[in-house]
Structures are given as C-alpha cells and as structure tokens.
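The values are calculated or read from the model by the stated rules, or taken from the named source; none is laboratory data. Here the structure is a predicted model, which means the values were calculated and not measured. Here the Cβ is made from the backbone with ideal geometry for all residues, glycine too, and neighbour counts use every protein chain on show.
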Amino acid sequence: MGRSTETFSKKEKEKKRVKKQQEKKEKAEERKASAVKGQSLDDMMAYVDENGNITSTPPDPTRKKKVISSEDIQIGVPKQADIPVDIIRTGTLTFFNEGKGYGFIRDAQSQDSIFVHINGIIEQVKEGDKVIFETEKGQKGLNAVKVKKAPKINP
C-alpha cells in the first residue's frame, strides 16, 4: 500500500486557496446585489461651485461671474526684494566647521546670520572672533566674502 503524497502543509495551503476563492465569489455576488442600476446621467453628474466644493446642483447661469485679468495671475515664485549689499560690514563669527569648510557670521547691524565658505576667508579666524567682511548675493541669500579679523581698537 502506497503512502499519500499530500503532506499536512499541502493540505493546509489547499484549504486556504479554496477558502480565498470562496470569499472572492461571495464578495463579487455582494457587489452585484448592492449595485445601483438605472441611474440617469443627471444623477451621476457632479458640479464644482465658486468655492471649489463639489455639489450636485448645476451652477446658476444668471449669476454674475468674476472677471479676472491675465496680468493678475502670478505663475511661479514672486521675485524677492533686493537685499542691500553694503561695502564693508562687521560681525561676529558664531559658528565655523573647519572640517566641512563653512560657517555663519552674525551681522552687527541687522543681526542676520550670513553664510561664509572657507574660500571667502582671507585670514585665519575662529568662532567668537569679531570680523569685517563684504557680502555678495548667492543662490540662497547673502554670502560673506573677504572675511578677516576686525582690528582691535585700543581705548
């Protein structure tokens, strides 16, 4: 007498497959039974009102429409106001990472944080030093260039 080639796991997988098929058939029959048939085109239409909300009522053609000129529509990012570029500024080097080669200077007048790259530094500076520098417009804002230590004033 030969042994059955079906193992326990094969039987379990077959049971799961049959159960999944049965559930799928039941769901399909349920969808068919609950489907709404015979809707007219008007029942299926949706409209968008002046505030952008979806409604089932069509817009009123007698209602006055707003007139918008094409010049009032802005496409893209509006231009930024020009950032003032002083000749020589003073500030304090608040952060500098020598390994990565960049840092930030706190401007003495505006208290803005200005980016500085190691290529823009003329003399050796470290965090906390008072510096004088010039600025130029970069991709993301002002960049400090020609950075050097501010001369100490003896009273």
**Report entry** Candidate set: the range 71-126, residues that are in a helix (DSSP H, G or I) and exposed (fewer than 13 other Cβ atoms within 10 Å of the Cβ); chosen: the one modelled with the highest pLDDT
**Finding:** Asn119
Query - Within the range 127-150, considering residues that are of a type in the set (D, E, K, R) and part of a strand (DSSP E or B), the one nearest to Thr92 (Cα to Cα) - result: Lys130
